[in-house]
Each structure stands twice: as structure tokens, then as C-alpha cells.
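Written below as C-alpha cells is the structure these notes are about.
The values are calculated or read from the model by the stated rules, or taken from the named source; none is laboratory data. A quick note: this is a predicted structure, and the numbers were derived from the prediction, not measured. Neighbour counts are summed over all protein chains in view; Cβ atoms, including those assigned to glycine, are modelled from backbone coordinates with ideal geometry.
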Amino acid sequence: MKTLTSRRDVLKQAAALTALAVTGPLLAAEVPIPESSAKGFKIGGVDWELKGANNPEAFAVAARLGLDGVQVDLGNVEAMRNPDRQKQFLTLAQKHHVEIASLALGIFGDLPLATDKRAPAILDAAIDIASAMKQKIILVACFGKSDIDQPAKKMDAFVGRLKEHAPKAEKAGVVFGLEGECHVEHYLKVLQRIDSPAVKAYFDTAHAHVAGRDIVQEITWLKDRICEFHAKDCGSILLGEGKIDFAQVRRGMDAIGYRGWLQIEQWVEVSGKKPLGFDESHRRNLQYLRKLFPKQA
């Protein structure tokens, strides 16, 4: 049986969004918890944890675990330029009834986006690959050697690179989602300087916590500049057993009207351990998130 959203629920959500428009970012306590669980979320996993970056076998693993999709890392983009390689990924996704949720350029963690002469060609190729595979979102790693919070001169080059490729991305209907480890004010400054609907923030729940801010405030400050979410805890591979309050994450999403993908990233860097084993850790995390983020009808 479908549960219909009550008029009271709608009015409460409208009030929250009105407050957001007038006052800016909200604190967790200011956003009402919905009385009914509005559906509309898809939950995927990242291929670099399921099977390895740019490994098409990740779709079989995702299907076994009950995930809706896989975020596919493009590697150095060279292999993925090949139409046959693209077809392989699309065919396996269809075979296993698992979607390609979005793409990723993790390579920029080790290759400076702002200064490396290879970066423009990688960004350009990623747009072409996304278009060919009918994908809309490309996560761009903005930490490590591509830290989004850089000295002024490097920041100018960082912004310049993205501004250069934004028009092509806009025309293709592709969004670069910048994932960094910085305060939301810096995120906003960077996005405002680039000034393109094709460049947004890729919101990682653990990074937001590390930045030391109320997570609802972080989400509502960025609002529609968020293109997608990583569901990651801070201090534990098991979601909800670390420092992240995922009920508050849901509150923030409700305040900005987000309904879309969450990609589980178990953050193996915490210790590398899977306390319940590989499969059961993933299944447990999916089950935990499903209670807060119901599946699309």
C-alpha cells in the first residue's frame, strides 16, 4: 500500500524551504523531521571498493549485494575512450539490472588538476565518455594533489581549468562534481568564481563532518549546488556507528528537496577492516540507509 504524503507534511516542508530561502543555511534543530518517509532515493556503491577502479566486474558484485547502481571510476580515461569498453560496461549493467549511477575522476588525487599538462585532455575526454554513456555526473577528486583549498596562484589555475571546460560540459548536459575537504564557504567561493551550472559540489558526509560544521547547515548552504552524495561515516566502516548522524543528513536533503543517488563509500582508509566481512558489511550498510532513505517507487 502506498502512503500518501499528508497536507500537514507538505506545509511543514514548504515552511522549511521558505525559511531556507529567506535566512540561508539552517541548523539541524530548525528542520522538521517528516512524519512520512517520502521516497525517491537510489543507493549505489563505488567500484573502487566493490571490485577495483574501472573494473566492470563491480556490477555483478553490486547485484549480489542488492545495490541499485555503481559509481564507475574512469581511471586515466584512455581505456574508457574505446567504444567497445564503454559498451562492455553498459552491457554488464543491463545484464545485472544495476545502473551506472555516475562516473568519477579519482585520478586527480594523484595528478594536479591545476598544473598538470595532462589535466585538460582528461577533463575533455571525460565529458565525451559521459555523453557516449548517457551519464550526467562526473565526480572530480579535489584532494591530495588537486586540493580545492590551494594558495591563490594555484587556485586561479584550478578555477581556470574548470571554467575552460564548463561550456562543453554545459552543452553536453554533464556536471563536474567537485569533492573536496574544505569548509562550505570555500566551496561556494570556488563555485561562484567558476559560475557554471556544469560545475557543482559532490557532497561527502564524512568530509563535511571533518570540516567541523553542522551537517544540515552544510547541505542547506550549498542547496542546489550539490549534484550527488557519498554516504560515508567518520571513524567507522559501519554507517551510523561513527560520528555521522544520517538522520540529520536526511533532514538536510529534505530541506533542499534532494531526491537522488547516495553512493556508499565505506572508507577503507579507516582501518581496512570489514567487521562483518565484505558482503555483510555492505548489506548491513545498505539496510541501515534504506530505513532513512526509502527506495524509489
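Taking the criterion of being buried (at least 23 other Cβ atoms within 10 Å of the Cβ), farther than 20 Å from residue 282 by Cα and among the polar types (S, T, N, Q), would at least one residue in the range 204-222 satisfy it?
Yes, the range 204-222 contains a residue that is buried (at least 23 other Cβ atoms within 10 Å of the Cβ), farther than 20 Å from residue 282 by Cα and among the polar types (S, T, N, Q).
Here's a check for you: in the range 260-278, which residue that is at pLDDT below 95 and surrounded by 13 or more Cβ atoms within 10 Å (Cβ to Cβ) is nearest to residue 101 (Cα to Cα)?
Residue satisfying both the conditions and the ranking: 260.
Among (1) of a type outside the set (Gly, Ala, Ser); (2) buried (at least 21 other Cβ atoms within 10 Å of the Cβ); (3) farther than 30 Å from residue 277 by Cβ, which single condition is residue 229 missing?
Among (1) of a type outside the set (Gly, Ala, Ser); (2) buried (at least 21 other Cβ atoms within 10 Å of the Cβ); (3) farther than 30 Å from residue 277 by Cβ, the lone unmet condition for residue 229 is (3).
Being charged (D, E, K, R), under 25 Å from residue 108 (Cβ atoms) and in contact with a helix residue (DSSP H, G or I) (Cβ under 9 Å, 6 or more places away or on another chain) is the requirement here; does residue 195 meet it? Lay out the reasoning, then the answer.
Numbers: charged (D, E, K, R): yes; under 25 Å from residue 108 (Cβ atoms): yes; in contact with a helix residue (DSSP H, G or I) (Cβ under 9 Å, 6 or more places away or on another chain): yes.
Judged against the criteria, residue 195 is a match.
Answer yes or no as to whether residue 156 is part of a helix (DSSP H, G or I), under 18 Å from the mean Cα position of the chain (by Cα) and surrounded by fewer than 16 Cβ atoms within 10 Å (Cβ to Cβ).
no
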